[in-house]
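See structure below.
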Amino acid sequence: MPKAISLFAGAGGCSFGFKQAGYDIVFATDFNRAAMDTYALNFKGANIACADICEFDFEQLLRSLDLKPGELDVLIGGPPCQGFSTAGPRFWDDPRNHLLKQYVRAIEVIRPKWLMMENVEGLLTTKDGEYVFEVVKAFVNLGYRVRLEKVYAHEYGVPQRRKRVIIVGNRLGKDFVFPTPTEASHGRIFRKGGVTLAQALHGLPRPTAENQPVPYDSDMRGHWASFLVSESGVVTDHFSPPVDELQRERISALGPGQTMKDLPAHLQHPSFQKRANRRVMDGTPSEKRGGSPSGLKRLHADEPCLTITGAATREFIHPTEDRTLTIREAARVQTFPDGFVFVGSLADRIQQIGNAIPPVLAQVFAECIASYGFRSTAQEGEGKFLGFRLTRSQGLSPALERTSRLLYSLLATAKQEQLVFEYAG
């Protein structure tokens, strides 16, 4: 059974996916106490620590696990991107890069055979692409063969249009590729295809007004969501508290795909109206500069859901019922099973769900890594940038163009016989 350590583990979405793929998660840590409480509740007897990674002794951790440097199979986890990083020669001295620096330190000390790092797609354009450039360069310099791609989660069986950057590397000398998508997406901004929101929510009963266990609505056998069903026969965190009359009127007025901007003026939130009417110094209307935040959004039943975030239970309206999503529905969309219990305040719970790597997506990558094995080749220790994909679109935005030039320079300086530069899949 391959062994994995999870840093920035959160509630355990990535750990759960790797566990489903047959891995032994020998240690997990996160700074967030509520997330670690959730982790402990769902991974009975897990070896965990709620700790600041900056103060972590990785040499001692290896000794406690009876592991030597180089023996761990996989290190998983994604350090949050601070977003204000100093690029250039001082990159690693900037205190705002401390989480990434500690992640690299962990890799340097532990020397896992494989690493997998996940992050938001904004990582690709932070500081004109120099942040992700420094990340990849650091991994290559440590002897890893590295591939980077923006992954569309709904192409891998997740009922959600979630785009994330995933970096995978190994120091075993293996030239690998990412797993082949199992679902084909299509249409405008690739929003169609894959598991729909209606499929993801199938079998859940109407929510209660208060948080109490609720029995399932129908027989789930043979349905896509059957693997999510709780053995207890009931679901928790499936409640929808009453809202005031104005909010109820806003919600009922929105059709599938509509947002706050589609409401009559008298129903729009004051902050929306204020921004919509604001003008900049040159007189350009704000709608010409991107407009206002969308706020409430009525979801489509026949499409994958929008990306689940910490605001999902405030902003995402159920496709056919006049209410926002429940915590359990958000967890379903993230592919957490119904028996996975979240603890902490309401804000803690939805934040844990929104921050997680969907377990189904994590399992796909865990199985892919396992398929390449954990034995080294004759070329072990030779770092190499294998390639990247920044978007599925045929063209690149100016921001992504800058990032692609930086990453391409890593490919070019590697002096490979064949340079791999992937605009689209």
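Odds and ends about this structure:
- Residue in the range 82-92 that is at pLDDT 90 or above and touching a Leu at 6+ places or on another chain (Cβ under 9 Å) present: no
- Residue count for the range 367-390 under the criterion of being at positive phi and modelled with pLDDT under 90: the result is 1.
- For V109, the requirement of being at pLDDT 95 or above and not in a helix (DSSP H, G or I) is not met.
- Test: residue in the range 49-63 that is within 19 Å of the chain's Cα centre (by Cα) and surrounded by 18 or more Cβ atoms within 10 Å (Cβ to Cβ): no
- Yes/no for I357 being in a loop (DSSP other than H, G, I, E, B), touching a strand residue (DSSP E or B) at 6+ places or on another chain (Cβ under 7 Å) and at pLDDT 95 or above: yes
- Being touching a residue at least 60 places away in the same chain (Cβ under 8 Å), in contact with a strand residue (DSSP E or B) (Cβ under 7 Å, 6 or more places away or on another chain) and of a type outside the set (V, I, T) is not true of E130.
- Within the range 225-246, not a single residue is small (G, A, S), farther than 22 Å from G257 by Cα, modelled with pLDDT under 90 and out of contact with any Cys (no Cβ under 6 Å at 6 or more places or on another chain).
- A Cβ distance below 6 Å, combined with a sequence gap of six or more or placement on separate chains, defines the contacts here; from the range 395-408, residues that are of a type outside the set (A, V, I, L, M) reach residues that are in a helix (DSSP H, G or I) in the pairs R402/D128; R402/G129; T403/L124; T403/G129.
- Residue match in the range 406-416 (condition: exposed (fewer than 15 other Cβ atoms within 10 Å of the Cβ), part of a loop (DSSP other than H, G, I, E, B), polar (S, T, N, Q) and modelled with pLDDT under 95): yes
- Restricting G295, G310, G290, G344 to those that are modelled with pLDDT of 95 or more and not hydrophobic (A, V, I, L, M, F, W, C) reduces the list to G344.
- The range 240-255, residues that are of a type in the set (A, V, I, L, M), more than 11 Å from K297 (Cα to Cα) and assigned to a loop (DSSP other than H, G, I, E, B): V243
- When the residues of the range 1-53 are filtered to those that are β-branched (V, I, T) and part of a helix (DSSP H, G or I), the one that is modelled with the lowest pLDDT is I53.
- Matching residues, the range 323-354, being touching a residue at least 40 places away in the same chain (Cβ under 8 Å), in a loop (DSSP other than H, G, I, E, B) and farther than 25 Å from T180 by Cα: R323, T326, D338, G339, F340, V341, F342, V343, G344, S345
- Residue that is modelled with the lowest pLDDT [pool: residues in the range 69-81 that are surrounded by fewer than 21 Cβ atoms within 10 Å (Cβ to Cβ) and farther than 16 Å from P2 by Cβ]: P80
- In the range 257-280 there is no residue that is closer than 23 Å to I350 by Cα, surrounded by 15 or more Cβ atoms within 10 Å (Cβ to Cβ), touching a His at 6+ places or on another chain (Cβ under 8 Å) and modelled with pLDDT of 90 or more.
The values are calculated or read from the model by the stated rules, or taken from the named source; none is laboratory data. Computed from a prediction, not measured in an experiment: that's the story for all the values here. FYI the Cβ positions are ideal-geometry reconstructions off the backbone, even for glycines, and counts take in every protein chain you see.
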